[in-house]
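Only one structure is covered here, and it is reproduced in the block below.
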Amino acid sequence: MLDALLPAAAIPAAGWAAHATLLYRQLRTERRDPVSGLIDRRTWDRRAQQLLRRGKATALAFIDLDDFKPVNDTFGHRAGDAVLRAIGARLADHLDGWGIATRSGGDEFPVIARVGDSENEVAAFAAGLRDLIGQPVPWPGGPLTVSASIGICRIGDLEHPTLSATTEAADLAMLAAKGGQGRRGRTAATVRARQEAGAPE
């Protein structure tokens, strides 16, 4: 009798295991941006705050793609998604172990990382991000290419380096880079503490 019951009991157990695996995969999917494949913004916020609290991040970069709308207009939204997916994969691979990235909005990518604290090291960090983003993406009738305006906040420059203050400073630097002189995608700005410029907190 017991021998007959064991196989029957194994069926619901196997079903629960499959169900648990499905739920785990769904949770993983929910924590990722469906287009870029990067962790979603909520997960990034939580992990970025942890890095800040533990002193394991030295810079926050805010990336805004240039020339992205022409890709969508010329090749269609599937091509635009291919660009976002390629950039997401490149950022994840590039930052593996020393930084994290997410997609915020249509074509913006916040990045927080531990890099050298000197101006040259921060500039090299920005240059590396620009090089990654500028690599062509294969596409029928392509290839697809975009550039980026990048603003960087050195976390040590802020008196109160909360995630919101650091992100805002990097965003302001990105806007300055996008509106600066010269070819788009070339200028990266490093932000000092806002109070040094006389701006209110």
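Where a number appears in this text, it was derived from the coordinates with a stated rule and is not lab data. Worth saying up front: this structure is predicted, and the values here are computed from it rather than measured. Positions of Cβ are backbone-derived with ideal geometry, glycine not excepted, and every protein chain shown enters the neighbour counts.
Give the Rg/Rh ratio for the range 74-135, taking Rg as the radius of gyration of the Cα atoms and Rh as the Kirkwood radius, to two decimals.
Ratio of gyration radius to Kirkwood radius for the range 74-135: 1.02.
Give me the net charge for the shell around Phe62: Cβ to Cβ below 11 angstrom, other residues only, Lys and Arg +1, Asp and Glu -1.
Combined, the nearby Lys, Arg, Asp and Glu give -3.
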